[in-house]
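Below is one structure, written out as structure tokens, with a few remarks after it.
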Amino acid sequence: MGVRAGLALVAAAGVASAAVILALPRLAASRRVLRFRLGRWLSPRTSSRRAASEAWALVSACWLVRVVVVFLLLGALGVGYSFPLALLFLCAGAAGAALPVGPAGAAAQVGASGAALIAAGVEPSQALAVALSVAALGIITGGAIFLFAVAWRTGLSLVAARAAA
């Protein structure tokens with residue numbers, strides 16, 4: 001029950017922050033708000049509703065993919081298929097990543113995710129295996145995306161150079 005309450009709190013905070021981001025463009029354009037220093041500072045730094053909606057869609061798709069992957073990994077590694085447990089795992093990892101611990105941030109994320117699984121009743125060795133597997137897959141995926149982006153950008157510059165020649 002405590003896990004569900006925590007996840008509900010995280011969901012409520014996410015919905016509230018999305019509402020603030022969607023309300024900011026209108027609020028920043030208001031003459032009433034522009035009278036204050038904060039309003040004048042906020043106005044040029046606020047994104048449009050369209051840009052905010054696009055960012056929301058991309059972030060939501062990213063989190064949806066992450067939940068599905070962790071859900072499948074939990075099942076594949078013998079913990080069991082559980083969406084609440086996958087959400088708990090990801091939320092604990094995100095909370096661990098938010099800690100200002102510098103280079104040890106990945107370790108804090110793995111530790112927080114593993115601790116959340118242990119608190120949910122998963123055997124410690126299994127919890128550590130899942131946490132390390134997800135971290136390793138994240139690093140490998142990030143590296144692959146980086147290499148793809150470099151190859152894509154290099155290919156575009158080569159095409160532009162050939163077209164110019």
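General remarks:
- Farthest towards the positive end of the charge dipole of the chain, among the residues Ala135, Trp41, Met1, is the Cα of Trp41, using unit charges on the Cβ of Lys, Arg, Asp and Glu.
- Using the 1.4 Å probe convention, the accessible area of the stretch 1-108 works out to 70 Å² per residue with neighbouring protein chains retained.
- Sulfur and carbon atoms: percent of accessible area, the chain [1.4 Å]: 73 percent
- Spacing of the modelled spin labels on Cys62 and Ala94, each 7 Å from Cα toward Cβ, amounts to 1.0 nm.
- Residues Ser48, Ser30 ordered from highest to lowest accessible area at a 1.4 Å probe: Ser48, Ser30.
- The length gained on full extension between Arg40 and Leu137, counted as 0.36 nm times the residue separation minus their Cα-Cα distance, comes to 30.6 nm.
- The convex hull around the C-alpha trace of the stretch 68-165, projected and averaged over every direction, spans 8.1 square nanometres.
- Base-10 log of normalised Debye intensity for the stretch 1-99 (one unit scatterer per alpha-carbon) at q = 0.10, 0.11, 0.14, 0.22 Å⁻¹: -0.42, -0.49, -0.69, -1.13
- Estimated from the Cβ-Cβ distance and a Förster radius of 45 angstrom, the FRET efficiency linking Ile118 and Val150 is about 0.70.
- Rounded to whole numbers, the Karplus 3J(HN,Hα) couplings from phi for the stretch 133-144 are 5, 5, 5, 5, 5, x, 5, 5, 5, x, x, 5 Hz, using 6.51 cos²θ - 1.76 cosθ + 1.60 with θ = phi - 60°, and x at Gly and Pro.
- Extension reserve of the Arg50-Val69 stretch, reckoned as 0.36 nm per residue once the Cα distance is removed: 4.0 nm
- Note on the chain: dipole from Cβ charges, positive end direction compared against Ala112, Pro100, Leu27; the farthest Cα belongs to Leu27.
- Most tightly packed first, judged by the mean number of other beta-carbon atoms within 10 Å of their residues, the peptides 135-147, 85-97 read 85-97, 135-147.
- Cα Rg over Rh - the chain, Kirkwood: 1.10
- Build a GNM of the chain with springs between Cα atoms under 10 Å apart, and of Val134, Val65, Val122 the one that fluctuates most is Val65.
The values are calculated or read from the model by the stated rules, or taken from the named source; none is laboratory data. Keep in mind that this is a model prediction, so the values were computed, not measured. All Cβ positions, even for glycine, are placed from backbone atoms using ideal geometry, and neighbour counts span all protein chains on display. Keep in mind that these areas ignore ligands, DNA and RNA; they rest on the heavy atoms of the full protein, side chains included. Shrake-Rupley method; radii C 1.70, N 1.55, O 1.52, S 1.80 Å.
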